Amino acid sequence: MSRSLPFVLLLAAVAGTGCDTEEIMGHGTPVGAQFVVGGAAAAAGITISPGQTIRIEVEFVDGNGDHLNDLEDGHYASLTFSPPSLATVALVTGEPFAFDVTAQLTAGSGFVEVGYGHSPAANESEFGPYTVSVQ
């Protein structure tokens, strides 16, 4: 029994660390985020019409600008608009990187920041600010 104890402790240590096993799991560490709006990549910020609701998907990228695929399991994203009245955000059920965003009713501009993490708070890393225009 004493031979298996070190293995059990190692397994428990690895299982409890979240993404300390990123190389084993096949993904790197995000250093930025990109947006997909309506199925198309948003090149420079987000533009939305007053009162319109759009689906925004967040794609995280590594230091080479490559998309980090298969990252959704055990990871979360958040969107924080500034000013907060610029838009409302609703997480798409079952999609930790997808949001339905509804713009304010009047034209305006501001920013959105993207949170990333291992809990629904997604507050371990933050990317942005990215420009948002309601017009």
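Read the figures in this text as sums done on the coordinates, not as results from a lab. Since we're looking at a predicted model, the values are computed, not measured. Using ideal geometry, Cβ is built from the backbone for each residue, glycine included, and neighbour counts are taken over all protein chains shown.
So, Ser119, is that one loosely packed, with under 12 Cβ neighbours inside 10 Å and in contact (Cβ under 8 Å) with a residue 12 or more places away in the chain or not?
Yes: the conditions hold for Ser119.
Within the stretch 25-35, restricting attention to residues that are assigned to a loop (DSSP other than H, G, I, E, B) and more than 13 Å from the chain's Cα centre (by Cα), which residue is surrounded by the fewest Cβ atoms within 10 Å (Cβ to Cβ)?
Start the filter on the stretch 25-35 by keeping residues that are assigned to a loop (DSSP other than H, G, I, E, B), which leaves 26-31.
Remaining after also requiring more than 13 Å from the chain's Cα centre (by Cα): 26-28.
Values: Gly26: 11, His27: 18, Gly28: 17.
Step by step, filter the stretch 25-35, then rank; the result is Gly26.
Go through the stretch 36-65 residue by residue and tally those that are in contact with a Gly (Cβ under 9 Å, 6 or more places away or on another chain) and surrounded by fewer than 11 Cβ atoms within 10 Å (Cβ to Cβ).
3
Answer with yes or no whether Ala77 is among the small types (Gly, Ala, Ser), farther than 15 Å from Ile48 by Cα, assigned to a strand (DSSP E or B) and in contact (Cβ under 8 Å) with a residue 40 or more places away in the chain.
Numbers: among the small types (Gly, Ala, Ser): yes; farther than 15 Å from Ile48 by Cα: yes; assigned to a strand (DSSP E or B): yes; in contact (Cβ under 8 Å) with a residue 40 or more places away in the chain: yes.
Here the answer is yes, as Ala77 does meet what is asked.
Considering only residues that are of a type in the set (D, E, K, R) and touching a His at 6+ places or on another chain (Cβ under 8 Å), which ones fall in the stretch 67-87? First the steps, then the outcome.
Start the filter on the stretch 67-87 by keeping residues that are of a type in the set (D, E, K, R), which leaves 70, 72-73.
The answer is Asp70, and nothing else.
For the stretch 36-64, name all the residues that are more than 15 Å from the chain's Cα centre (by Cα), within 20 Å of Leu105 (Cβ to Cβ) and part of a strand (DSSP E or B).
Across the stretch 36-64, the qualifying residues are Ile46, Thr47, Ile48, Thr53, Ile54.
When Phe111 is evaluated against the numbered criteria (1) more than 20 Å from Gly28 (Cβ to Cβ); (2) outside any strand (DSSP E or B), which criterion, by number, is the only one it fails?
Of the numbered conditions (1) more than 20 Å from Gly28 (Cβ to Cβ); (2) outside any strand (DSSP E or B), the odd one out for Phe111 is (2).
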